[in-house]
Amino acid sequence: AELLSSDNPQRVYQIAVDLDKFNKERQTIESLLSEKVDLEVKKFHNHPVLVLSGKNWHEGIIGIVASRIKEKYDKPAVIISLLEDYGKGSARSIHGFDIGALILQAVQMGILTKGGGHKMAGGFTIKKENIDNFRDYLISSFEKISHNTNNIISLDSEIAPSAVNEEFLKEINLLARFGSGNNEPKFVIENLSVVKSNIIKNTHIKSILKGRDGSIIKSFLWNAIN
């Protein structure tokens, strides 16, 4: 706040230097912790919910790492930093798996000491002896709802092929910023036919599509081929 509000150039410069130093330290800590967590993931890679723990993992970084793990494996991820007999945890979830509600239920059941959150993220305190119970509880909860969440895509509206233009994109961007509680809109265009399609660099797909109204759409799908 002081960096943005100060009128003193020397003070602003010093704050900027300090913030840059702290950020680089955070990046180093995050990189080292990510390496440790990646090794831990190998023990539980078949689990639908990843619950990982380690001694003295930096509490200020575990939320960032949990987000990285969730994105990398497309699974709910829980990272727990242990200090003696207790741990502090940070959780990140995927669509359809309300991690905040499950954390609150786990508190009520006595599995967690305290905690809370929302559908996509949460934090908590747990006794070391309860980590396995918490993992089992989350996995069991996921398996009960997974048949309802697999391959579900929430859409906002059907649109015509002719709607894919710069003006439409500008109007959608008026709704930004997007995130939890204000998800980026998703639209569907039905009955498109493929006029031409090519694989680019063995990884991407470039296509020319035609709508039933005769509109032509050029598309590019990044990293579509694994």
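The values are calculated or read from the model by the stated rules, or taken from the named source; none is laboratory data. Source: prediction; values computed, not measured. Reconstructed Cβ throughout: ideal geometry from the backbone, glycine too, with neighbour counts over all protein chains shown. The protein model used for the area step is the full one, side chains on, heavy atoms only, and it has no ligands, DNA or RNA in it. Shrake-Rupley method; radii C 1.70, N 1.55, O 1.52, S 1.80 Å.
For the reader, a short list of remarks on this structure follows.
- Region 123-226 - accessible surface per residue (Å², probe 1.4 Å): 75 Å²
- Cross-link check: pairs LYS36/LYS72; LYS42/LYS72; LYS70/LYS186; LYS42/LYS70; LYS144/LYS186; LYS186/LYS206 evaluated at a Cα-Cα cut-off of 18 Å; pairs beyond the cut-off: LYS70/LYS186; LYS144/LYS186; LYS186/LYS206.
- For region 167-197, chymotrypsin sites (Phe, Trp or Tyr not before Pro) meeting the loop criterion (DSSP other than H, G, I, E, B) and having at most 13 other Cβ atoms within 10 Å: PHE178.
- Inter-centroid distance (Cα atoms) of region 161-215 relative to region 99-115, Å: 40 Å
- Exposed trypsin sites (Lys or Arg not before Pro) absent - longest run of the chain, DSSP non-H/G/I/E/B, at most 11 other C-beta within 10 Å: 44-176
- Translational diffusion coefficient (Stokes-Einstein; Kirkwood radius from C-alpha pairs) of the chain at 37 °C, 0.692 mPa s, in µm²/s: 155 µm²/s
- Look at where the Cα atoms of region 1-35 and of region 45-71 average out, and the two centres are 24 Å apart.
- Based on protein heavy atoms only, region 1-104 ends up with 60 Å² per residue of surface accessible to a 1.4 Å probe.
- Here the chain exposes an accessible surface that is 51 percent carbon and sulfur, computed with a 1.4 Å probe and the other protein chains kept in place.
- Value in Å of the Kirkwood radius, where region 1-90 supplies the Cα pairs that are averaged: 14.8 Å
- With respect to the chain, whose longest principal axis is taken over its alpha-carbon atoms, helix 62-73 is tilted by about 40°.
- Taking the helices alone, the chain has a mean residue ellipticity at 222 nm of -12500 deg cm²/dmol, built from -39,500 (n - 2.57) per DSSP H run of at least 4 residues and averaged over all its residues.
- Projecting the Cα atoms of GLY117, GLN105, ILE189 onto the dipole axis of the chain, where Lys and Arg carry +1 and Asp and Glu carry -1 at the beta carbon, places ILE189 farthest toward the positive end.
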